[in-house]
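Structure record follows, encoded as structure tokens.
The values are calculated or read from the model by the stated rules, or taken from the named source; none is laboratory data. Remember, predicted model here, so these are calculated numbers, not experimental data. Here the Cβ positions follow ideal geometry from the backbone for every residue, glycine too, while neighbour counts run over all protein chains shown. Just the protein is used for accessible areas: all its heavy atoms, side chains included, with ligands, DNA and RNA removed. Shrake-Rupley method; radii C 1.70, N 1.55, O 1.52, S 1.80 Å.
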Amino acid sequence: MSDVTTGILTALGGVGTLAASGGDAAAHAPASGGALPAASPLVLLIPLLPLLGCVLCGLCAAAGVRTKLPAWLTVACLGAAFVAALKMLGDATGGPGTHATIAHAFDWFRIEWGKGPGGVSRELVANFSFYVDTLTCLWMLFVTGLATLIGLYASEYMAGERGPGYCRFFAAFNLFVLSMSCLVMGDNLLLLYLGWEGVGLCSYLLIGYFYQKPSAVAAAKKAFIMNRIGDLGLALGIMLTFVKFGTVEYAELFERIRPFVELARHGRFDEIPFSVQLIPLLFTVGAFGKSAQLPLYVWLPDAMEGPTPVSALIHAATMVTAGVYLVARFIPFYVCSDLALPVVAWVGTLTALTAATIGMAQFDIKRIMAYSTVSQLGYMFAGLGVLTSTGAAFHVFTHAFFKALLFLSCGAVMHGFGGQLDLRKLSGVRKMPGWGIVGVCMLVGCLNLSGFPLLTSGFFSKDMILAQAFTTPGFAAIGWILLLTAGLTAYYTFRVYFRVFEGPSQFEPGDEAHAHADPGDQAHAHAPAGHAHGGHEHGHGQGHGDGHFHPHAPGWAINTVLAVLAVCSTAAIGAYFIDRDHHGWVGRMVDSSTAAWEAPGAGHSGAHAEPPAETGHGAAPGTFLGMDPHAVMYYVSAVVALVGIGAAWWLHLAGRTAAATSRADGLLAAAGPVARGAQGKWFVDEVYDALVVTPLWVLAHVFHLLDKLLIDGLVNLAGWVPRGAGRTASTGQNGLLHSYALGMAGGLAIVLVVALFMVKN
Amino acid sequence: MIQKIQSLWPEIVLFATACVVMVVGISPSVAVRRSCGVIAGLGLALAGLVAIDWPGPASSVVWPALAPYVKVLVAGVGVLLLLVLAGLPDREYEAAVAHGQRYDPIRANRAEFYAFFLFSIMGVMLVSGAEDLIWLFLALELTSLPTYIMVAISSSRNRSLEAGVKYFFLGALGAALFLYGFALLYGATGSTNLETIRQVIAQQRLGSEAVNGVALAGALLAVIGVGFKIAAVPMHFYTADVYQGAASPVTAFLAFVPKTAGFVALILLLTTIGWGYGPSGQSLPEPIRTVLWVIAAMTMTVGNVLAVVQSSVKRVLAYSSIAHSGYMLVGLVAGPGPAGAPFARNGIAAILFYLLCYGVMNLGAFAVMASLERRSRSGATEEADSIDDLRGLCTTRPMLGWIMVVSAVGLLGMPPLLGFFGKLPLFTSGIGAGEIPLVVVLGINSAIAAYYYLRLAALALLEDPDVTPVGGGLSENAPPGRKFAGFICAAAVIGLSALAWPLINLADGAAKYEPRLTPGSAVSAREAPIVPSADALTEPRAASGRP
């Protein structure tokens, strides 16, 4: 798989140098209005195959399959979808110039009512059509690719669940990919919304996969409800868009937003109606919910209750980047508001910092990774906010690989050590037999996350955002905060690595250890041959007395996936160096989509002669302490990352003899309330409880009472009125012939008198 | 003349069948007597088949396709009605004959019953082809007079006789009213030919904006008088007593056949006035529109609120049949809209389609009631009528129970059943005609109707059957034809909703509205503006092609 990926990347570089993309951002917006050329029908396979997979898994459940069949079906379907995505990429970038195409599946909504001004019929058209441009390709490439890999990983990871649960897992897994492809590929906001809700649903289903575990159920509900808040914003944004622009189709929308973009380009924000400026802000609410930004981020760390493959795919690599996609896709809308992008940038930055500080103080390695995801998503939003959609997209791309890698490595550890996730209870895992690959892969992932210079793709993508933050006028403070966060990130990342994978080999199995140690246990009995039983010759340490526990090292599926991801993470550097004239491969992809909106001086070399667009602020590019940020940021961020790693080494590895203690403990005591605050996640959950949950609870009871007394009363009254009227009217139905005749004649008389009066008047 | 007779082939077939039935029905041989129903059914089916191919009267220029649709409709539903009616007449008398009593043709009712049934249906067919007021009056009475007898002889109980008498007297009052209206129309226009009346009224409008007052009074009286046939307020009083007094199969007949005749007659009568008034130029003259509006609103409201408080299923269905008439009157108020209006705007098409839906659904409910008997403590059997008789019917008699559930829910208008598709065009045509308040009343009434229809459905479906029934309990002692008819109706309520669009197209075609003045009138239709201009709205609409 890695060969394929690198090969494709190389091939794309070749194509890219041939096909020079236009420099003007406006030219990238679909110029042809509603009539975009049709894409290859092959594109329809991308959503169709996961749907097929979902149905097949459902059938497996119905047929009572107890083998790994659903997993293989899933991997086959998603793998084929990945191939289709590659083909889509080839089609999208192969031709001369750049253009969006549309693959039409079927008509979905076509509601017409009357004629608007100019004889144009008012209609709501939202088809099941897919908008294929390079941004779509970029997203779908890693969504389908990672889904395939993680599906393979899950085939082993979930082996203990074989039976109905296994089918359920993979059905939801496929449904997620289907929803995600609707979200990313939809050619209208309605389809995007369908996908948006779909991924939310799948996320709920998969977080709550262990539905007998109260904490998992609570986490699933939390994720769903938190997302609803964001979804409300998105829904309002979509409605406002339709009201304002009369369409929800991208091709039309980007055409109709152009006059406003022109205004914004010249800084004339006063002339843009407030409602147009409001749209991006509403979208932002949706994006913050889905992508776990302040203040809606609290669901993501709890979402780690789901099985680790789910955390890796949905809550690290793909779904949570939907918000980034939304903002990137609608960058033309965002530049129309002088408030939207700064809001995005600042919220992203503060989220990055907050989550990083919390991550520093946690002990659960999966949670640390979750906070780091929140933090990295903050980076991406900051990147979008400071107008480097290329940087943001590049970071999404690299982050998808290395974060999936980190999660899967953590998952392998968790799987092998009976659900143990506490970094104080694991140590020196890399040196245990069978764990070498995991250790190396974890190291690669950590290096990427911390932005280790030159060797890692994470370094380059993070760099791009940092440099641009300093370049874009007015955002230098964001740059400094992000730089600080980079240091913190390096520290907490390597804190995990040095604690868990280096140092003396010790471990203490987790709660699920007994299940795993039981020789009759199905999971173990059916475990793949690759499960080596290590740990005998190593001291179990800590005197926990569980002599029977053998951590089982990961099998071939997990190891393969980890290795591929490690290679991919590193290979993603190539995307930066290929086609440097256009800010790298990702840059070219972004530039040729609707997300094209590059601030001046973007790209480190500054080699491009014509900047794609002005910022609209008209100010000169900022500097980093008087130097060109793009030139100097390599060195600065490298130093920051190394300092962070060094600190982690000194505090958590150097001279450490036991798993539970390290030099940092003393520091913790010294830091006092700050450390306690970070450990308590800044008590955001408690604040939410006090400010939102409790009042809502009280309110709900009050409303319940109101409902009982007032609404039910009204409803009952409405029920009694016809009955009362019927009782009254039925007195006229006395069965007497003459009274009936009298009624008829009387009624006739009334009618005639009334008619007479009407004619008279 | 030849052409006119040609258009009457279905009626001729029915008449011939009725004659045969009258003779065969008094045969001393039981087997021959029993063939009555079969002969009637075959005749009816043949008449329906003939009607499919036969064009309406050529001179019926305004509604060129109305008559065939109505004829096929009544023939089709008539066959189902016949299935339910079969075995009803002479039931006790035949039992007595079987026990050795001597057969006396004078005392037997069978022959008359089937013949009157056919005559009544023939009356509806004649109404649909009416071109003349006299014809219309005779056809309407031909529809009604047999029903009075059918009510009276439907069972040997006194209540049936009482109901028959009441129905006859009140019906005579109604007939007198619309006959008076017809006379006034004749007085105002000098003709009894409907088309001529239409032309004259249109010509009279050339001079003044208002409709001739005498013609208006005549039309009002006629509409209210015909309102008796459809049980519209204020002519609705008889409904519950008569429906309850008659045997269930006859009640089913009453709820459909005279109602169809009434609506067709109303359509033809109002066509003479025409939907060419009001600000939009597509509604009735203001006095008639207001009267119809109020009658529609009152009819559905009175029907529904009275149905809510009933404990007898037949009375519930009787009052609900009043309410359904009210719903259909909305279509009459809305009118056919501009020439070439889409189905959703054409209230007449909505009525024609709703008649079909209502006929099928209502018959399903009545077929269930007709199939059930309650044995009283004294051992005598009587019709199941109490709403409690339905309790747990889905458990004890699944087939009948489910027919009742489907019919009741269909009558309520629950999507995706037939009733929903029937009611929807009434809503859309009302909205299209700008009668929003009336549509709101219609909506509220549909909600009220949900109360008692859901009660019928819920009793049958959700409740447990009575373990210790008061009296002797229910028995099913009816000819299997009723159950079969009910099954077909329930299947149609579900199945026809899938075929709703073809049927709607049929109704739409039947309600093709082609009003035009004959050559020689002042302005040719060609010059009429297609969309009324602002002038046309305020000026007398003489220039319009519509009357």
(request) Starting from residues that are of a type in the set (G, A, S) and outside any helix (DSSP H, G or I), keep the ones in the range B:296-318 and report whichever is most open to solvent (accessible area, probe 1.4 Å). (result) B:S311
(message) Can you find, within the range A:661-680, the residue that is nearest to the chain's Cα centre (by Cα) among those that are under 16 Å from A:F494 (Cα atoms) and small (G, A, S)?
(response) A:A664
(request) Search the range A:343-370 for residues being among the β-branched types (V, I, T) and more than 18 Å from the chain's Cα centre (by Cα), and hand back the single one that is surrounded by the fewest Cβ atoms within 10 Å (Cβ to Cβ). (result) A:V343
(request) Considering each of B:L329, B:L372 in turn, give the residue that is of a type outside the set (S, T, N, Q) and over 29 Å from B:M399 (Cα atoms). (result) B:L329
(request) For the range B:371-382, state whether one or more residues are open to solvent by less than 70 Å² (accessible area, probe 1.4 Å) and part of a helix (DSSP H, G or I). (result) yes
(request) Mind telling me which of the residues B:L173, B:L140, B:L184 ends up being under 20 Å from the mean Cα position of the chain (by Cα) and either within 14 Å of chain A (Cβ to nearest Cβ) or assigned to a strand (DSSP E or B) (or both)? (result) B:L173
(request) Go over the candidates A:I207, A:I238 one by one and state the one that is farther than 28 Å from A:V125 by Cβ and of a type in the set (V, I, T). (result) A:I207
(message) With in a helix (DSSP H, G or I), at pLDDT 85 or above and open to solvent by 40 Å² or more (accessible area, probe 1.4 Å) as the only criterion, which of A:A477, A:A515, A:A486, A:A490 stands out?
(response) A:A477
(message) Just to verify a result, which residue in the range A:445-461, among those that are open to solvent by 10 Å² or more (accessible area, probe 1.4 Å) and of a type outside the set (F, W, Y), is nearest to the chain's Cα centre (by Cα)?
(response) A:L447
(request) Give the residue, chosen from B:A217, B:A232, that is open to solvent by 10 Å² or more (accessible area, probe 1.4 Å), under 26 Å from A:G743 (Cα atoms) and within 14 Å of chain A (Cβ to nearest Cβ). (result) B:A217
(request) Pull up the range B:497-508, narrow it to residues that are more than 19 Å from the chain's Cα centre (by Cα) and not in a loop (DSSP other than H, G, I, E, B), then point me to the one that is surrounded by the most Cβ atoms within 10 Å (Cβ to Cβ). (result) B:S497
(request) Considering only residues that are open to solvent by less than 10 Å² (accessible area, probe 1.4 Å) and within 14 Å of chain A (Cβ to nearest Cβ), look in the range B:242-264 and name the one that is farthest from B:A296 (Cα to Cα). (result) B:G245
(message) Against the definition (within 12 Å of chain A (Cβ to nearest Cβ) and either of a type in the set (D, E) or within 18 Å of B:V440 (Cα to Cα) (or both)), how does B:R315 come out, yes or no?
(response) no
(message) Residues that are in contact with a Gly (Cβ under 9 Å, 6 or more places away or on another chain), open to solvent by less than 10 Å² (accessible area, probe 1.4 Å), outside any helix (DSSP H, G or I) and of a type outside the set (D, E, K, R): does the range A:430-437 have at least one?
(response) yes
(message) Looking at (1) open to solvent by 10 Å² or more (accessible area, probe 1.4 Å); (2) at pLDDT 80 or above; (3) farther than 30 Å from A:Q506 by Cβ, which one does A:G626 not meet, given that it meets all the others?
(response) (2)
(request) Give the range B:1-26 a look and list any residue that's touching a residue at least 40 places away in the same chain (Cβ under 8 Å) and not in a helix (DSSP H, G or I), or say none. (result) B:S7, B:L8, B:G25, B:I26
(message) Take the residues in the range A:156-215 that are polar (S, T, N, Q) and part of a helix (DSSP H, G or I); name whichever of them is surrounded by the fewest Cβ atoms within 10 Å (Cβ to Cβ).
(response) A:S215
(request) Would you point out the residue of the range A:549-564, among those that are in a loop (DSSP other than H, G, I, E, B) and surrounded by fewer than 24 Cβ atoms within 10 Å (Cβ to Cβ), that is modelled with the lowest pLDDT? (result) A:F549
(message) Going through B:S321, B:S280 one at a time, which residue ends up being open to solvent by less than 10 Å² (accessible area, probe 1.4 Å), of a type outside the set (A, V, I, L, M, F, W, C) and out of contact with any strand residue (DSSP E or B) (no Cβ under 7 Å at 6 or more places or on another chain)?
(response) B:S321
(message) Going by what's in this entry, would B:W293 be described as in a helix (DSSP H, G or I), more than 9 Å from chain A (Cβ to nearest Cβ) and over 22 Å from B:W135 (Cβ atoms)?
(response) yes
(request) Return yes when B:N193 is open to solvent by 10 Å² or more (accessible area, probe 1.4 Å), under 26 Å from B:A296 (Cα atoms), out of contact with any His (no Cβ under 7 Å at 6 or more places or on another chain) and modelled with pLDDT under 95 and no when it is not. (result) no
(request) Those residues that are hydroxyl-bearing (S, T, Y) and either surrounded by 24 or more Cβ atoms within 10 Å (Cβ to Cβ) or without any contact (Cβ under 8 Å) to a residue 24 or more places away in the chain (or both), I need them from the range A:311-342; list them, please. (result) A:S311, A:T318, A:T321, A:Y325, A:Y334
(message) Can you tell me which of (1) assigned to a helix (DSSP H, G or I); (2) away from chain A (no Cβ under 14 Å); (3) polar (S, T, N, Q) is the one B:T239 doesn't meet?
(response) (2)
(request) Go through the range B:324-358 and count every residue that is open to solvent by 10 Å² or more (accessible area, probe 1.4 Å) and among the aliphatic types (A, V, I, L, M). (result) 4
(message) Name the single residue that is farthest from A:Y491 (Cα to Cα) among those in the range A:621-642 being of a type in the set (A, V, I, L, M, F, W, C) and in contact with a helix residue (DSSP H, G or I) (Cβ under 6 Å, 6 or more places away or on another chain).
(response) A:F624
(message) Looking at the structure I just gave you, is B:V200 at the interface with chain A (Cβ under 10 Å from one of its Cβ atoms), open to solvent by 10 Å² or more (accessible area, probe 1.4 Å) and among the aliphatic types (A, V, I, L, M)?
(response) no
(request) Name the one entry in A:A404, A:A382 that is buried (at least 24 other Cβ atoms within 10 Å of the Cβ), of a type outside the set (V, I, T) and farther than 23 Å from A:F475 by Cβ. (result) A:A404
